[in-house]
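What follows is a single structure, written as structure tokens, with notes after it.
The values are calculated or read from the model by the stated rules, or taken from the named source; none is laboratory data. All values reported here derive from a predicted model rather than from experimental measurement. Positions of Cβ are backbone-derived with ideal geometry, glycine not excepted, and every protein chain shown enters the neighbour counts. We work out accessible area using only protein heavy atoms, side chains counted, and drop any ligands, DNA or RNA first. Shrake-Rupley method; radii C 1.70, N 1.55, O 1.52, S 1.80 Å.
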Amino acid sequence: MIPISGIGAKRAAGFTLVELLIVLAILAAAATTVVLTLPDERGQLRRQAERFAARLQHAEQEAVLTNRRIAVRLDAQGYGFRVQRAGQWQPLEAAGLESAVWDERVTPILDQGDGLVARFDPAGLTEPLRLVLALDEARVAVILEASGKVRVSDDAGP
């Protein structure tokens, strides 16, 4: 005898459409979680540039407030601040102006050989400086203008 209703019928092998959609939704949620937890290299580079820009502003203010010339020297490893005392440049280890190294994988692009130097005058004038920081393919420029204004630009072109 052949059953008329589906109660006694055997279920066909395979997955229903609802089961497949649930599996796809779980996979999409897992992939989204992985993508969101990956480190944002562009953000890391921008934070490094903004930290350096803030220190440049601090150095400019320190030069004006203490009536001393302050310089920053940059190289491939990092940067450090110096102060002019009795005609000699000496390391400056004031709070917020300690020597620092670039974050891992952040590379400064130095146009002028081994390093760059910018000086801050007590009158608020500075030597212009343009530094491009690179992390893989990402580039960010830190620009110090003669007026002492510092800005970070995503346009790191020439």
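Of all residues in region 120-137, count the ones that are in contact with a Gly (Cβ under 8 Å, 6 or more places away or on another chain) and in a strand (DSSP E or B).
In the first step, residues of region 120-137 are kept if they are in contact with a Gly (Cβ under 8 Å, 6 or more places away or on another chain); the result is 120, 124-126.
The next check asks that each one be in a strand (DSSP E or B); those that pass are 120, 126.
Counting residues in region 120-137 that are in contact with a Gly (Cβ under 8 Å, 6 or more places away or on another chain) and in a strand (DSSP E or B) gives 2.
Show the residue pairs meeting these rules: Cβ distance below 7 Å; 6+ apart or different chains; first residue within region 87-112 and in contact (Cβ under 8 Å) with a residue 12 or more places away in the chain; second residue open to solvent by 30 Å² or more (accessible area, probe 1.4 Å) and assigned to a strand (DSSP E or B).
Once the first residue is in contact (Cβ under 8 Å) with a residue 12 or more places away in the chain and sits in region 87-112, its partners that are open to solvent by 30 Å² or more (accessible area, probe 1.4 Å) and assigned to a strand (DSSP E or B) give Trp89/Arg82; Leu92/Arg82.
For the condition part of a strand (DSSP E or B) and either modelled with pLDDT of 90 or more or loosely packed, with under 13 Cβ neighbours inside 10 Å (or both), what is the one hit in Val140, Val117? Even if it seems obvious, please write down each step before you answer.
Working: Val117 fails: either modelled with pLDDT of 90 or more or loosely packed, with under 13 Cβ neighbours inside 10 Å (or both).
Only one candidate qualifies: Val140.
Of all the residues that make up region 74-114, how many are open to solvent by 70 Å² or more (accessible area, probe 1.4 Å), assigned to a loop (DSSP other than H, G, I, E, B) and farther than 21 Å from Leu45 by Cβ?
Selection size over region 74-114: 5.
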